[in-house]
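The values are calculated or read from the model by the stated rules, or taken from the named source; none is laboratory data. The structure displayed is predicted, hence computed values, not measured ones. Note that each Cβ is placed from the backbone with ideal geometry, even for glycine, and that neighbours are counted across all protein chains shown.
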Amino acid sequence: MSFQNFFQSVPSISPDEVRKYLATSPAEYCLLDVRQPMENAQARLPGSVLIPLGELNMRFGELDPDKPTIVYCRSGNRSVSATSFLIGQGFSNVRDMSGGIARYNGMVASGPPEAATACFNPSLSPLQLAATAWTLEAGTIRFIEGICHDVLNDHEPALFDRILVAKREHQQTLAGLAAEITGPDAGQAFPGEEIEQPAEPTMIGCIKVADALRWAEGRSLKELLELMMTLSANAYDFYLRLGRTAKGAEEHRVFEVLAGEEHQHLERLAEAYEQELSGR
């Protein structure tokens, strides 16, 4: 099975279309801002509701799943993750505002390669699901190692290092799950040939590692933290979807635990991002 078939782009809407909606029928739409409170205080779209990305998993019940929802952030990174998450929670009409509030205000936002949302065929085996997750974790590890060494010049924040350690532990957990499914001997060859491996190293969100590293060159810590928030949110949503797809109780438990750990990363990254915004 092709690795690319596990992912699809989230629905999007242009800032110009959003501007038309706001001018004609704003009450018919929910405009959701998933940035941090400090960003929202500096600039916001009229009538928007603020739910930071790190809080969305606990507060999405405040939104009407049947009402058309438009999600935005600073440059369109976090909003893609939020859109994917809401789709997974049963929202029938939700779209990402491409380019974020920066493009809405006429600026060209140079964001990282666009992330995609996971979509799993119910016929996939638990081993295929675990192999997909392991492969994406491997790509994410390569990316974090790359920015720590080449972009931050070996002076990475301790938070990046902790996430890197957690990612390696996630791989061990997934390999352990594979061993339970297939037996110890088969588990040693994991991820094996369960899925067609991507032609290039690929990380969470189906983003090519090389593309993301090229984008990261010369970026500020704030921009890197924003991307890391997006990746953690994507990983959280990814493991939630794996949990819903899993047929066995043990696979479901493992994916649920990994989802919880990813959300903890997201919360810590959001706190660090807020500190960068305030200059602390």
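Here are the numbers:
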item: Some residue of the stretch 258-273 being out of contact with any helix residue (DSSP H, G or I) (no Cβ under 8 Å at 6 or more places or on another chain), closer than 30 Å to A41 by Cα, outside the structural domain of M58 (by TED's automatic domain parsing) and acidic (D, E); result: yes
item: Some residue of the stretch 60-81 being among the hydroxyl-bearing types (S, T, Y), modelled with pLDDT under 90 and under 20 Å from the mean Cα position of the chain (by Cα); result: yes
item: Single residue of L45, L31, L56, L50 found to be at negative phi, touching a Ser or Thr at 6+ places or on another chain (Cβ under 6 Å) and among the hydrophobic types (A, V, I, L, M, F, W, C); result: L31
item: Any chance R35 is part of a strand (DSSP E or B), at pLDDT 90 or above, surrounded by 15 or more Cβ atoms within 10 Å (Cβ to Cβ) and not hydrophobic (A, V, I, L, M, F, W, C); result: no
item: Looking only at the stretch 230-250, and only at residues there that are farther than 15 Å from S125 by Cα and of a type in the set (S, T, N, Q), the one that is surrounded by the fewest Cβ atoms within 10 Å (Cβ to Cβ); result: S232
item: Restricting the stretch 152-165 to residues that are buried (at least 18 other Cβ atoms within 10 Å of the Cβ) and not acidic (D, E), the residue that is farthest from the chain's Cα centre (by Cα); result: F160
item: Counted residues, the stretch 199-216 - those being surrounded by fewer than 21 Cβ atoms within 10 Å (Cβ to Cβ), within 19 Å of S9 (Cβ to Cβ) and touching a residue at least 24 places away in the same chain (Cβ under 8 Å); result: 3
item: Given (1) within 30 Å of P191 (Cβ to Cβ); (2) buried (at least 23 other Cβ atoms within 10 Å of the Cβ); (3) of a type in the set (S, T, Y), index of the condition S9 fails; result: (2)
item: Segments classed as helices (runs of 4 or more DSSP H), wholly inside the stretch 156-224, with at least 2 members that are at pLDDT 90 or above; result: 158-182, 209-216
item: Exclusive hit being hydrophobic (A, V, I, L, M, F, W, C) and closer than 22 Å to S81 by Cα, set A179, A249, A166; result: A166
item: Considering residues of the stretch 262-275 that are closer than 18 Å to L231 by Cα and without any contact (Cβ under 8 Å) to a residue 60 or more places away in the chain only, the residue surrounded by the fewest Cβ atoms within 10 Å (Cβ to Cβ); result: E271
